[in-house]
Amino acid sequence: MRENCLKTVYELAKTDERIVFVGSDLGVGVLAEFKKEMPARFFMEGVAEQNLVGVAAGLAMEGHVVYLNTIATFLSRRCYEQVAVDLCLHNVNVRLIANGGGVVYAPLGPTHLATEDIAIMRALPNMAIVAPADAKEMIRFMHASVDHQGPIYIRVAKGHDPVVTTDTGPFVIGKAVPMRTGGEVLLVTTGVGLQVCLAAADQLAAGGVKAAVLHFPTIKPFDTEALHAHAEGAAAIVAVEEHTIIGGLGGACAEYLAETDLLASRRFKRVGIPDVFPSVYGDQAGMMRKYGISAEAVAATATTLLAARPKAVRIAA
Amino acid sequence: MTTTRLDERSKDLRRVIVRTLQKARRGHVGAAFSLIEIFRVLYDDVLRFNPQDPKWKGRDRCILSKGHGCLALYALLADKGYFPPAELDKFCAPDGILGGHPDAGKVPGVEASTGALGHGLPIGVGIALSQRIVKSDSRVFVVLGDGECNEGSVWEAAMCAGKHGLSNLTAIVDYNKHQSYASTKEVQDLEPFADKWRSFGFAVREVDGHDVPALRATLGALPFAADKPSAVIAHTVKGKGAHFAENNMKWHHKNKVTDQEVEALLAAIGEA
């Protein structure tokens with residue numbers, strides 16, 4: 001996914017002179033062709049993320065479309081004020097390519113786990129947040145990213161994830177994608193959580209429970225219309241994300257649903273990382289499993305939730 | 001270096017600041033008085049700009065990174081016709097465009113919204129790099145505070161500007177030797193200050209920041225080196241021009257400014 005993301009930056013830059021790339025201290029050889037062919041628009045500026053974001057803002061104020069790449073935690077935690085003030089307040093066209101969203105860097109420990117990036121980026125006016133599920137969706141999004149007005153936080157997964165999206169048309173920023181429709185259960189997800197939810201839906205189907213899957217490759221702007229429409233058809237709604245349960249996709253769903261009458265006759269639950277710094281190493285999949293972000297656990301959560309739905313107002317099948 | 005007498009234009013600009021202050025009853029007086037000659041010379045003698053077309057591509061970009069010094073910037077922008085002088089009367093008012101920190105989204109002539117310190121130089125580096133990409137001869141000026149230079153982001157940006165040899169970029173530091181709590185020496189000593197900038201790849205000159213002819217000569221000599229960014233360390237006096245406010249931390253930021261205090265400031269300016 002990361003390779004395809006950066007490769008698309010290169011392809012786009014070849015035909016669009018506004019595009020500039022800014023990196024921190026990325027791996028050797030990253031975007032070598034870009035550097036060789038368009039050296040004036042390629043910057044690798046070191047382990048100084050506050051400066052990187054300010055420089056990107058300055059370039060964007062002059063009309064460039066800036067793709068800035070470094071590790072997600074450094075983009076979200078270290079230079080939050082620069083992101084808020086330089087990018088969001090000025091509403092400039094900087095795209096933050098955030099490597100290792102979620103628990104991709106599980107072996108490296110909590111300093112490198114971007115488990116609250118969606119929450120803190122969501123709180124910033126003008127910021128868009130995108131978390132594609134696979135490489136194909138990332139490429140489609142990258143083409144849509146060029147002419148979007150304002151900053152974008154792009155949550156990049158580990159890479160080599162199975163391709164599970166099926167759309168081939170243009171990516172629309174701000175639109176949720178129904179992957180499976182109809183059913184007592186609605187699974188709402190983003191990023192690589194989509195793999196988990198599709199597998200969970202299969203498991204539920206094997207047990208006779210039909211589950212819809214609504215994928216949010218864009219978390220902000222949040223497609224409340226799609227959430228509302230799909231929630232109406234379900235009795236149990238589960239939001240699944242590789243992120244703390246505080247303030248992410250689940251939080252966005254909870255905020256919206258709580259202000260409607262939908263929860264009077266439905267149950268809702270967030271699945272994600274609890275309010276802790278993960279204390280084990282291992283790998284991404286293992287850490288996700290530990291916190292219930294797996295097909296089995298999501299299916300079990302949905303089944304439990306379905307059984308607990310408000311009986312007095314049970315929806316007719 | 002810091003006992004320079006003020007001419008009538010410098011006094012008039014300070015009077016504008018005091019009248020602005022009087023309307024809002026608050027403001028960063030010390031910083032504005034410290035900065036006024038720097039902005040006066042920039043706007044009178046150095047910068048290329050067009051108030052009728054604030055976003056004119058060929059302009060020089062000037063960023064006030066120490067946003068709390070905005071009263072000085074507002075005085076010059078009003079003086080040059082970026083907005084009607086009556087706007088100064090609405091400083092910090094709900095229906096005004098001039099806040100306690102400058103907002104690029106509201107004020108014509110303000111390049112970047114600042115207030116949180118340590119943001120102006122990185123943005124200035126980005127703008128300077130952009131001018132290089134598009135082969136423009138526009139220059140970038142960033143005015144920083146001395147206390148602001150405690151921020152690591154200032155030095156991240158300085159390192160970056162030095163690496164790129166951005167001769168179209170000038171950092172001007174208002175070195176009045178005081179920050180909010182106490183002297184810069186006591187809070188976070190910056191010395192050897194000029195050497196710090198030099199070691200980050202800047203060509204450096206020092207100047208009396210209230211001596212208008214000296215500022216003209218210094219800023220008129222930019223760039224100081226053909227292949228380096230320039231830094232001007234302007235030795236200034238916080239509150240310069242009102243003797244009782246000079247180096248007086250109570251006047252760093254003043255709230256509830258009374259009419260008597262306004263009259264005292266105006267009288268002191270007359271004597272400066």
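Derivation of every value follows stated rules applied to the coordinates shown; laboratory data play no part. Model, not experiment: these values are computed from the prediction. In this analysis, Cβ positions are derived from the backbone assuming ideal geometry, glycine residues included, and neighbour counts consider all displayed protein chains.
A few notes on this one:
- Ellipticity at 222 nm from helices only: DSSP H runs of n ≥ 4 in chain B, each -39500 (n - 2.57), divided by the residue count, give -11500 deg cm²/dmol.
- Entry note, chain B: relative contact order of 25 percent, from Cα contacts under 8 Å with a spacing of 6+ residues.
- Couplings 3J(HN,Hα) for segment B:31-48, derived from phi with the Karplus relation 6.51 cos²θ - 1.76 cosθ + 1.60 (θ = phi - 60°), are 5, 5, 5, 5, 8, 4, 5, 4, 5, 4, 5, 4, 7, 7, 10, 10, 6, 9 Hz, where x marks Gly and Pro.
- Just so you know, the Rg over Rh for segment A:177-307 is 0.94, from Cα atoms, with Rh as the Kirkwood radius.
- With the convex hull drawn over the C-alpha atoms of chain B, the volume per residue is 111 Å³.
- For a modelled paramagnetic label at residue A:172, 7 Å from Cα along Cα-to-Cβ, the residues of segment A:143-161 in reach, with backbone nitrogen under 18 Å, are A:143-149.
- Within the protein assembly as shown, DSSP assigns beta bridges of which about 10% are antiparallel (rounded to the nearest 5).
- Order by protection proxy (mean Cβ within 10 Å, highest first), peptides B:166-178, B:91-103, B:149-161: B:166-178, B:149-161, B:91-103
- Using the Cβ-Cβ distance between residue A:300 and residue A:81 with R0 = 41 Å, the FRET efficiency computed as 1/(1 + (r/R0)^6) comes to roughly 0.50.
- Separation of alpha-carbon centers, segment B:228-272 and segment A:7-65, rounded to whole Å: 43
- Modelled label positions at residue B:57 and residue A:229, each set 7 Å beyond Cα in the direction of Cβ, lie 4.3 nm from each other.
- Reachable aspartates and glutamates, given that their alpha-carbon falls under 12 Å from the alpha-carbon of residue B:177 and they are not under 8 places away in the same chain: B:146, B:148, B:186, B:189, B:191, B:246
- Summarising the strand pairing of segment B:8-271, around 10 percent of its internal DSSP beta bridges are antiparallel.
- Quarter of Cα convex hull surface for segment B:197-272, i.e. mean projection, nm²: 6.7
- At 1.567 mPa s and 4 °C, Stokes D of segment A:166-245 from Kirkwood alpha-carbon radius, µm² per second: 102
- Grouping the Cα pair distances of chain A into 20 Å bins from zero gives a pair-distance distribution of 34, 55, 11, 0 percent in increasing distance order.
- Rg/Rh for segment B:1-151 (Cα atoms only, Rh after Kirkwood) is 0.95.
- Across segment B:95-240 the C-alpha pair distances fall into 5 Å bins from zero in the proportions 2, 10, 18, 22, 20, 17, 8, 3, 1, 0 percent.
- Given B:80/B:240; A:220/B:135; A:35/A:158; A:35/B:55; B:106/B:250; B:11/B:250, the pairs whose alpha carbons are separated by over 28 Å: A:220/B:135; A:35/B:55; B:106/B:250
- Cα shape, segment A:2-155, gyration tensor, a/c 1.5 rule: rounded
- For residue B:262 and residue A:277, the FRET efficiency from 1/(1 + (r/R0)^6), where r spans their Cβ atoms and R0 equals 56 Å, is about 0.55.
- Residue A:307 versus residue A:26: modelled label distance in nm, points set 7 Å from Cα along the beta carbon direction: 4.9
- Residue-by-residue Karplus 3J(HN,Hα) for segment B:168-184, coefficients 6.51, -1.76, 1.60, Hz, glycine and proline x: 8, 10, 10, 9, 10, 9, 7, 9, 8, 6, 10, 10, 4, 7, 6, 5, 4
- Radius, Kirkwood style, for the protein assembly as shown when every pair of distinct Cα atoms is counted (Å): 26.0
- Only the Cβ atoms of Lys and Arg (+1) and of Asp and Glu (-1) were treated as charged; on that basis the dipole of chain A about its Cα centre amounts to roughly 680 debye.
- Computed from the Cβ-Cβ distance with R0 of 30 Å, the FRET efficiency linking residue A:16 to residue B:106 stands at 0.45.
- Whole-number percent relative contact order across chain A, with pairs defined as alpha carbons under 8 Å at least 6 apart: 16
- Each Lys and Arg adds +1 at its Cβ and each Asp and Glu adds -1 at its Cβ; summed about the Cα centre, segment A:177-307 shows a dipole of about 260 debye.
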